[in-house]
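**Q** Okay, here's the structure, questions in a sec.
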Amino acid sequence: MSLPIAPKPALRRFHQARWDEPIVFELHAPGERGVLVSRPEAGVREAVGDVVAALPASLRRSAPPALPEIGQMRVLKHYLRLSQENLGADLNVDVGQGTCTMKYAPKVNEAIIRTPDLTELHPLQEQASVQGVLEIIWKTERMLAEISGMSRVSLQTSGGSEAIWANISMIRAYHESRGEGDQRTEVITTIFSHPSNAAAAKAAGYTVITIHPDADGYPDLDALRAALSPRTAAIMVTNPEDTGIYNPRIGEWVRLAHEVGALASYDQANANGILGITRARDAGFDVCHFNLHKTFGTPHGCGGPGSGANAVSEELAQFLPGPVVERDGDRYYLDADRPESIGSVAPFYGVIPNIVRTYAWISALGAEGLRAVAETAVLNNNYLMKRILEIPGTSAPYATGRRRIEQVRYSWQDLYEDTGISSEEIGVRAADFGMHYWTSHHPYIVPQPFTLEPTESYSMAELDEYADVLAEIAREARETPEIVRTAPHNQTVHHTHHDDLDDPERWAVTWRAYQRKYFGADAAGAAAASAESGASGAGAASGSASAATSATEEAAA
């Protein structure tokens with residue numbers, strides 16, 4: 001290298017770490033330990049006795065679990081290496097996971113939820129000893145009631161789809177309480193609402209009627225009128241939809257549903273662009289839900305644990321899942337004596353760490369901050385939309401020429417027709433630039449789709465960087481398509497084919513299943529083979545750990 005240092009190129013020279021890291025079971029070395037657990041004191045052993053002997057024989061293991069034995073330092077390296085082989089919101093421009101609202105989760109909130117005051121709590125503690133966390137649940141419920149305009153809130157569900165299931169369960173309980181449970185057998189949704197609405201209604205036994213967009217790209221109001229009847233139990237809609245299009249006639253939708261005695265359920269998974277601007281109850285909705293891991297700055301956790309919040313009008317409050325937290329003066333308590341409740345839909349009282357994060361996030365922002373979140377998210381989205389639509393081969397189907405709220409479902413159809421390069425291939429190539437990219441969930445109505453949601457978290461420079469990467473890949477698709485077709489080139493894995501994923505006969509969803517299917521080993525044999533393999537490479541570390549273990553055990557004895 002010579003000075004002065006050359007300026008950085010326009011596109012980041014990214015290369016993912018590649019450690020060729022073994023599976024954790026392959027690191028097994030007999031005798032190695034991550035943590036040496038001391039034996040209980042003699043007095044404790046005498047007082048407790050043989051606790052294993054007290055267990056029924058049917059609950060005892062015939063052999064110890066075949067868990068890998070690994071030294072602490074090797075465990076640390078293993079998981080740090082794996083963490084470097086991933087794309088994620090803390091390292092990359094993560095706007096490509098539209099509908100999932102991948103925003104910044106403040107790290108100060110991680111410090112809060114790791115305090116012993118929270119981590120040492122147990123859900124079966126006496127309520128008098130957990131007044132602090134009950135107060136946080138109660139206050140968070142009130143905050144979300146104010147944000148939605150609803151009367152009561154439950155924080156028990158562990159994610160969006162589970163919250164939707166709670167919504168349809170409350171809708172069913174409401175109609176049954178009025179003697180109309182057998183009459184109301186249909187639920188109406190829209191094609192660009194979250195598919196979990198249709199799925200939950202179907203799982204609950206309802207016939208699902210799906211409304212498509214009209215000629216202007218908005219949910220078809222005339223089709224809704226034709227679908228509504230005394231058989232309708234509810235409309236269950238997302239607004240803005242997963243296209244980013246806001247239904248401006250949503251009040252009319254709700255009014256028409258109420259005219260036939262149906263309820264109106266609002267999926268607010270896309271609420272990030274409307275916080276502090278519109279409220280579900282103000283539009284007449286009876287029930288809604290939020291995804292705390294989307295809108296309120298809590299981590300998604302790679303699919304779990306998320307957290308849901310169900311909010312309802314006063315007429316539906318008795319059906320909320322529970323128990324719910326109530327307040328009597330300065331005392332907070334759990335109320336499980338609610339005979340019309342749909343009952344518990346998740347263990348205990350919700351995902352407490354995410355509820356605390358949500359409480360901290362809302363408290364830090366305040367009402368003006370929440371509105372600023374929405375306005376910034378909408379501004380970012382429409383700025384990125386302008387940049388994306390400048391790339392030849394892109395389009396934004398439906399409501400052509402109109403602004404979107406917080407996300408857009410775009411299409412590469414024109415580029416695909418010109419080059420044969422698909423949206424999925426573009427997504428794989430985007431990883432070579434350190435960018436996350438996603439197409440669409442089902443149904444695939446938009447051809448060659450990709451869905452971008454920039455949220456309020458990303459800077460203008462990051463949005464420009466993302467748009468520049470997609471423009472570069474579109475150029476490659478036209479001029480050097482083999483680079484795109486054979487991607488990734490800078491990733492921890494090479495180009496993979498779908499053959500193994502499309503053939504159930506080749507699937508092995510666990511390490512031991514893989515051992516059994518491809519090497520004919522049973523679980524015990526696989527563990528022994530793994531142990532033998534690990535022992536051959538463990539060397540002095542294994543012996544050292546074994547000696548340390550023996551010394552500790554002797555000292556404890």
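**Q** What residue, of GLU141, GLU126, GLU135, is modelled with pLDDT of 95 or more, loosely packed, with under 15 Cβ neighbours inside 10 Å, of a type in the set (Asp, Glu) and farther than 15 Å from HIS436 by Cα? Reasoning before the result, please.
**A** Working: GLU141 fails: loosely packed, with under 15 Cβ neighbours inside 10 Å; GLU135 fails: loosely packed, with under 15 Cβ neighbours inside 10 Å.
Among GLU141, GLU126, GLU135, only GLU126 is modelled with pLDDT of 95 or more, loosely packed, with under 15 Cβ neighbours inside 10 Å, of a type in the set (Asp, Glu) and farther than 15 Å from HIS436 by Cα.
**Q** Among (1) crowded, with 17+ Cβ neighbours inside 10 Å; (2) farther than 17 Å from LYS294 by Cα; (3) touching a residue at least 40 places away in the same chain (Cβ under 8 Å), where does PRO240 come up short?
**A** (2)
**Q** Does the range 146-184 hold any residues that are open to solvent by 40 Å² or more (accessible area, probe 1.4 Å), within 16 Å of LEU320 (Cβ to Cβ), modelled with pLDDT of 95 or more and among the small types (Gly, Ala, Ser), and which are they?
**A** Residues satisfying the conditions are SER151, SER177.
**Q** In the range 23-36, what residues are open to solvent by less than 50 Å² (accessible area, probe 1.4 Å) and out of contact with any Gly (no Cβ under 9 Å at 6 or more places or on another chain)?
**A** VAL24, the sole residue that qualifies.
**Q** Within the range 445-470, which residues are under 17 Å from ARG13 (Cβ atoms), open to solvent by 40 Å² or more (accessible area, probe 1.4 Å) and in contact (Cβ under 8 Å) with a residue 40 or more places away in the chain?
**A** GLU462, ASP468
**Q** Would you confirm, using the coordinates I've provided, whether PRO248 is assigned to a loop (DSSP other than H, G, I, E, B) and without any contact (Cβ under 8 Å) to a residue 40 or more places away in the chain? Walk me through it before giving the result.
**A** Details: assigned to a loop (DSSP other than H, G, I, E, B): yes; without any contact (Cβ under 8 Å) to a residue 40 or more places away in the chain: yes.
So PRO248 passes the test.
**Q** Of all the strands (runs of 3 or more DSSP E) wholly in the range 290-358, which have at least 1 residues that are modelled with pLDDT of 90 or more and surrounded by fewer than 16 Cβ atoms within 10 Å (Cβ to Cβ)? Even if it seems obvious, please write down each step before you answer.
**A** On the way: elements: 308-312, 324-328, 331-335.
Where strands (runs of 3 or more DSSP E) fall fully within the range 290-358 and carry at least 1 residues being modelled with pLDDT of 90 or more and surrounded by fewer than 16 Cβ atoms within 10 Å (Cβ to Cβ), they are 324-328, 331-335.
**Q** Only one of SER542, SER536, SER530 is modelled with pLDDT under 50, part of a helix (DSSP H, G or I), open to solvent by less than 40 Å² (accessible area, probe 1.4 Å) and farther than 27 Å from GLY420 by Cβ; which? Let's see the steps before the verdict.
**A** Numbers: SER536 fails: open to solvent by less than 40 Å² (accessible area, probe 1.4 Å); SER530 fails: modelled with pLDDT under 50.
Exactly one of SER542, SER536, SER530 is modelled with pLDDT under 50, part of a helix (DSSP H, G or I), open to solvent by less than 40 Å² (accessible area, probe 1.4 Å) and farther than 27 Å from GLY420 by Cβ, namely SER542.
**Q** What are the residues in the range 481-509 that are over 15 Å from ILE421 (Cβ atoms), open to solvent by 90 Å² or more (accessible area, probe 1.4 Å) and assigned to a helix (DSSP H, G or I), if any?
**A** Passing the criteria: ASP499, LEU501, ASP502, GLU505, ARG506.
**Q** Can LEU415 be described as of a type outside the set (Lys, Arg), within 20 Å of THR455 (Cα to Cα), surrounded by 16 or more Cβ atoms within 10 Å (Cβ to Cβ) and touching a residue at least 60 places away in the same chain (Cβ under 8 Å)?
**A** On the way: of a type outside the set (Lys, Arg): yes; within 20 Å of THR455 (Cα to Cα): no; surrounded by 16 or more Cβ atoms within 10 Å (Cβ to Cβ): yes; touching a residue at least 60 places away in the same chain (Cβ under 8 Å): yes.
Against the criterion (of a type outside the set (Lys, Arg), within 20 Å of THR455 (Cα to Cα), surrounded by 16 or more Cβ atoms within 10 Å (Cβ to Cβ) and touching a residue at least 60 places away in the same chain (Cβ under 8 Å)), LEU415 does not qualify.
**Q** Can you name every residue in the range 78-105 that is at pLDDT 90 or above, exposed (fewer than 15 other Cβ atoms within 10 Å of the Cβ) and within 30 Å of GLY34 (Cα to Cα)?
**A** TYR79, LEU80, LEU82, SER83, GLN84 - these are the residues of the range 78-105 that are at pLDDT 90 or above, exposed (fewer than 15 other Cβ atoms within 10 Å of the Cβ) and within 30 Å of GLY34 (Cα to Cα).
**Q** Taking the condition open to solvent by 40 Å² or more (accessible area, probe 1.4 Å) and in a loop (DSSP other than H, G, I, E, B), does ARG403 pass? Full working, then the answer.
**A** Working: open to solvent by 40 Å² or more (accessible area, probe 1.4 Å): yes; in a loop (DSSP other than H, G, I, E, B): yes.
So ARG403 fits the description; yes.
**Q** Could you list, in sequence order, all residues of the range 185-212 that are open to solvent by 30 Å² or more (accessible area, probe 1.4 Å) and not hydrophobic (A, V, I, L, M, F, W, C)?
**A** Within the range 185-212, THR185, PRO195, SER196, LYS202, GLY205, THR207, THR210, HIS212 qualify.
**Q** Quick check: anything in the range 196-217 touching a Ser or Thr at 6+ places or on another chain (Cβ under 9 Å), touching a residue at least 40 places away in the same chain (Cβ under 8 Å), among the aromatic types (Phe, Trp, Tyr) and assigned to a loop (DSSP other than H, G, I, E, B)?
**A** No - not one qualifying residue is present in the range 196-217.
**Q** Could you list, in sequence order, the residues of the range 1-22 that are of a type in the set (A, V, I, L, M, F, W, C), more than 38 Å from the chain's Cα centre (by Cα) and open to solvent by less than 100 Å² (accessible area, probe 1.4 Å)? Break it down into steps so the answer makes sense when it comes.
**A** So in the range 1-22, the residues of a type in the set (A, V, I, L, M, F, W, C) come out as 1, 3, 5-6, 10-11, 14, 17, 19.
Those left that are additionally more than 38 Å from the chain's Cα centre (by Cα): 1, 3, 5-6.
Of everything in the range 1-22, just one residue is of a type in the set (A, V, I, L, M, F, W, C), more than 38 Å from the chain's Cα centre (by Cα) and open to solvent by less than 100 Å² (accessible area, probe 1.4 Å), namely ALA6.
**Q** Against the definition (part of a helix (DSSP H, G or I), open to solvent by 10 Å² or more (accessible area, probe 1.4 Å), touching a helix residue (DSSP H, G or I) at 6+ places or on another chain (Cβ under 9 Å) and touching a residue at least 40 places away in the same chain (Cβ under 8 Å)), how does ALA372 come out, yes or no? Don't jump to the end; show me each part of the working.
**A** Details: part of a helix (DSSP H, G or I): yes; open to solvent by 10 Å² or more (accessible area, probe 1.4 Å): yes; touching a helix residue (DSSP H, G or I) at 6+ places or on another chain (Cβ under 9 Å): yes; touching a residue at least 40 places away in the same chain (Cβ under 8 Å): yes.
Yes: the conditions hold for ALA372.
**Q** I'm trying to understand the selection: among the residues of the range 37-66, which are closer than 30 Å to ALA513 by Cα and either out of contact with any Lys or Arg (no Cβ under 8 Å at 6 or more places or on another chain) or surrounded by 10 or more Cβ atoms within 10 Å (Cβ to Cβ) (or both)? Outline the logic, then answer.
**A** Going through the range 37-66, the residues closer than 30 Å to ALA513 by Cα turn out to be 52, 55-66.
Passing the criteria: LEU55, PRO56, ALA57, SER58, LEU59, ARG60, ARG61, SER62, ALA63, PRO64, PRO65, ALA66.
**Q** Cβ-Cβ distance below 7 Å, separation of 6 or more or different chains: which pairs start in the range 489-506 with a residue that is within 25 Å of GLU85 (Cα to Cα) and end on one that is of a type in the set (Lys, Arg) and at pLDDT 85 or above?
**A** Listed pairs, sorted by first residue: THR492/ARG18; ASP500/ARG506.
**Q** Where residues in the range 255-289 are among the charged types (D, E, K, R) and not in a loop (DSSP other than H, G, I, E, B), which of them is surrounded by the most Cβ atoms within 10 Å (Cβ to Cβ)? Quick ask: steps written out before the conclusion?
**A** We begin by selecting, within the range 255-289, every residue among the charged types (D, E, K, R); these are 255, 259, 267, 279, 281-282, 286.
Subsequent filtering for residues that are not in a loop (DSSP other than H, G, I, E, B) retains 255, 259, 267, 281-282.
On the way: ARG255: 13, GLU259: 10, ASP267: 27, ARG281: 19, ASP282: 10.
Filtering first and then ranking leaves ASP267.
The values are calculated or read from the model by the stated rules, or taken from the named source; none is laboratory data. Model, not experiment: these values are computed from the prediction. Heads up, the Cβs are rebuilt from the backbone with ideal geometry, glycines too, and the neighbour counts pull from every protein chain shown. All accessible areas refer to the heavy atoms of the entire protein, side chains included, with ligands and DNA or RNA removed. Shrake-Rupley method; radii C 1.70, N 1.55, O 1.52, S 1.80 Å.
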